[in-house]
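Colleague: The structure that follows is given in the form of structure tokens.
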Amino acid sequence: MLARVWSSSIVGIDAVKIGVEVDVSGGLPGILVLGLPDTAVQESKERVKATLKNTNFAFPMKKIVINLTPADIRKEGPCFDLPISIGILAASEQVSAQLLGDYLFLGEVSLDGTLLPVPGILPIAATAQNMGIAGLVVPCDNAQEAAVVEGLAVYAFKNLQNVADFLNNPGRYKPVRLDDAVETQHIASSHPDLSDVKGQAHARRALEIAAAGGHNLIFVGPPGSGKTMLARRLPGILPPLSFSEALEVTRIHSVAGLLKNRGSLVRDRPFRSPHHSASGPSLVGGGSFPRPGEISLAHQGILFMDELTEFKRDVLEFLRQPLEDGYVKISRTKQSVMFPAQFTLVASTNPCACGYYGDPIQQCTCSPRQREQYWAKLSGPLMDRIDLQVAVNRLKPEEITTQPTGESSVTIRERVQLGRDRALSRFHQELNLRCNAHMQSRHLQKWCKLDDTSRNLLEGAIRKLGLSARASDRILKVALTIADLAGDDHLKTQHVAEAIQYRTIDRMQ
């Protein structure tokens, strides 16, 4: 007898409908799996065989052929355990096949029949309705993740026996409802607070501008000046993700298998901090069947690269295209996938190899040639893409003991939210714009008009600092964010002047 069960697989962060056809017929007993299965799928036949015997189902001692369609898409992971099990039970007439065409079945099956969670449930649930599917059957640990999608019936079960009973007696079971307490969880309060930072008013101001406009930022200063301490407090002043943004972020984290113990939606903006020994593929994503890298996991959040000059130059060059386009495309022989990567780059570095160039307390021991070689690790095109370049000086002893702390993250986050709200109201007809850093040249021409004084000031900075057209555009974006924070509808000279100040590295070179 032939039975067909529907399941799904992930390509990039998109879901593809997979048919699991099971034919039980006469012949020598054995199981054959067709349709480009990987090792985990090939192993499913042994897991399923042992599971059915251990859960008191009759395993048919016949020839079993399992065909995964379409045959040209590689099937990966243990998520096909459940549909294969159900397909064998339906083909051997141990469960009703009436509902098999209405639902997607996903889940790993342990040898005692317990259903184990699998990654990538949210992207599958998000596209299930477009597949003509009424609902999902998933393990209990995937229930809240799948239930985020409205209008989709999600049934969650602890073991294979419950799934079989559901197919035979569907009226006994009700779909899962989303737990609002889990769905709305937000952990911003767990972030370090900016009130911990003494002094550094200039750097704190830069953090506020970066948060309000989504601008890339680098701190340059000697060891112990507080660069890392400042950067790690940026997430605490960022506004929470909107629902659409949360869906985007959660889809990526779901595919990467990072949603364990995080509830249904990721409501806090990601903060990723790769080590300087990270490879290029670990940043942009990769593998024979590509998976998202650090820059995609930082989508709609922060990618913090501490000690930026310690990263290999070729690794840093991988950042150029994603910083400009907001996505990364990974091409392989068998497939090409695209991952979103619209993140804010925050970096820190010393001003030279010894770390003390320009420090008023300790003398630099580097020669001009050594400093030149040090900065050569960072290419001009990469630095052009960093909007805010901020010098951070060490506090003097008397400042450390007497300097009062600054504003709290809560207070600053309120101003940041107001600034972002002004930008969003300006972008109401631009669907792809969420903050000033995402503007293109045509947007600058529309919203960043300069008077004669501001234009002369910007032209002078371009000539003196040798700025590129890209760098000058980023000055205008920062100036518009400063205007938003000030509550001004138009750019003023003081906004442009402050934005030009945040080109520290251009002035150093």
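Colleague: Please work out whether the range 1-116 counts as rounded, prolate or oblate from its C-alpha gyration tensor, where a ≥ b ≥ c are the square roots of the eigenvalues and a/c under 1.5 means rounded, while otherwise a/b larger than b/c means prolate and anything else oblate?
Modeller: Verdict is rounded for the range 1-116.
Colleague: Of Val65, Pro78, Val137, which is farthest along the charge dipole of the range 22-154 in the positive direction, counting Lys and Arg as +1 and Asp and Glu as -1 at C-beta?
Modeller: Val65
Colleague: Farthest toward the dipole's positive end in the range 1-140, which of Asn54, Pro123, Gly12, given Cβ charges of +1 (Lys, Arg) and -1 (Asp, Glu) about the Cα centre?
Modeller: Farthest towards the positive end: Asn54.
Colleague: Using label points projected 7 Å from each Cα along Cα→Cβ, tell me how many nm separate Asp38 and Glu150, to one decimal.
Modeller: Output for this residue pair reads 3.5 nm.
Colleague: Check each of the chymotrypsin sites (Phe, Trp or Tyr not before Pro) in the range 301-366 and keep only those in coil by DSSP with at most 16 other C-beta atoms within 10 angstrom; list them in order.
Modeller: Here no chymotrypsin sites (Phe, Trp or Tyr not before Pro) fit, given the DSSP loop and packing criteria.
Colleague: Once the Cβ-Cβ distance between Thr401 and Gln363 is put in as r, and R0 is 25 Å, what FRET efficiency do you end up with, to the nearest 0.05?
Modeller: In this case the efficiency is close to 0.55.
Colleague: If you don't mind, another one. Using the beta-carbon distance between Gln494 and Arg332 and R0 = 35 Å, what value does 1/(1 + (r/R0)^6) give for FRET efficiency, to the nearest 0.05?
Modeller: The formula returns an efficiency of 0.10 here.
Colleague: For Leu116, list long-range residues whose amide hydrogen, built 1.01 Å from N in the peptide plane, is under 5 Å from its own amide hydrogen.
Modeller: Glu108, Val109, Ser110
Colleague: Testing the spin-label approximation: label points 7 Å from Cα along Cα→Cβ at Met131 and Ser279. State their distance in nm.
Modeller: It works out to 3.2 nm between the two label points.
Colleague: Moving to a separate point now. On a full-extension model of 0.36 nm per residue, what is the gain between Asp165 and Phe243, subtracting their alpha-carbon distance, rounded to one decimal in nm?
Modeller: 24.5 nm
Colleague: Residue by residue through the range 139-156, which ³J(HN,Hα) values in whole Hz follow from phi under the Karplus form 6.51 cos²θ - 1.76 cosθ + 1.60 (θ = phi - 60°), with glycine and proline marked x?
Modeller: Whole-Hz 3J(HN,Hα) from phi for the range 139-156: x, 4, 5, 9, 4, 5, 4, 6, 6, 4, 6, 6, x, 10, 7, 10, 10, 10.
Colleague: Per 0.36 nm of contour for each residue apart, how much would the distance between Gln321 and Asp452 grow if the chain were fully extended, relative to their Cα-Cα spacing?
Modeller: So the extension gain works out to 43.8 nm.
Colleague: Another question, if that's okay. With a point put 7 Å past each Cα toward its Cβ, work out how far Glu93 is from Val410 in nm, to one decimal.
Modeller: So the label points at Glu93 and Val410 sit 6.8 nm apart.
Colleague: Sticking with this one: Be a star and scan the range 69-112 for residues whose amide nitrogen sits under 18 Å from the point 7 Å along the Cα-to-Cβ vector of Lys158.
Modeller: 108-112
Colleague: Over the range 292-424, what is the percentage of antiparallel beta bridges among all DSSP beta bridges, to the nearest 5?
Modeller: For the range 292-424, the DSSP antiparallel bridge percentage is about 55.
Colleague: How big is the dipole moment of the range 265-415 about its Cα centre under a simple scheme where the beta carbon of each Lys and Arg is +1, that of each Asp and Glu is -1, and everything else is neutral? Debye, nearest 20, please.
Modeller: Computed charge dipole of the range 265-415: roughly 580 debye.
Colleague: Another question about this same structure. Given R₀ = 51 Å, what would the calculated FRET efficiency be for Ser190 paired with Leu28, taking r from the Cβ atoms and rounding to 0.05?
Modeller: 0.30
Colleague: If you put +1 on each Lys and Arg Cβ and -1 on each Asp and Glu Cβ, how big is the dipole of the range 1-117 around its Cα centre, in Debye rounded to 20?
Modeller: So the dipole magnitude of the range 1-117 works out to roughly 300 debye.
Colleague: Let me ask another. Taking the Cα centre of the range 355-423 as the origin and placing charges on Cβ (Lys, Arg +1; Asp, Glu -1), which of Trp375, Pro397, Ile361 is farthest toward the positive end of the dipole?
Modeller: Trp375
Colleague: So how strong a dipole does the chain carry about its Cα centre when Lys and Arg Cβ are +1 and Asp and Glu Cβ are -1, to the nearest 20 debye?
Modeller: So the magnitude is around 780 debye.
No lab work stands behind these numbers, since they all come straight from the coordinates. If you're wondering where the values come from, they're calculated on a predicted model, not measured in any experiment. Methodologically, a virtual Cβ is constructed for each residue, glycine included, from the backbone with ideal geometry; neighbour enumeration extends over all protein chains shown.
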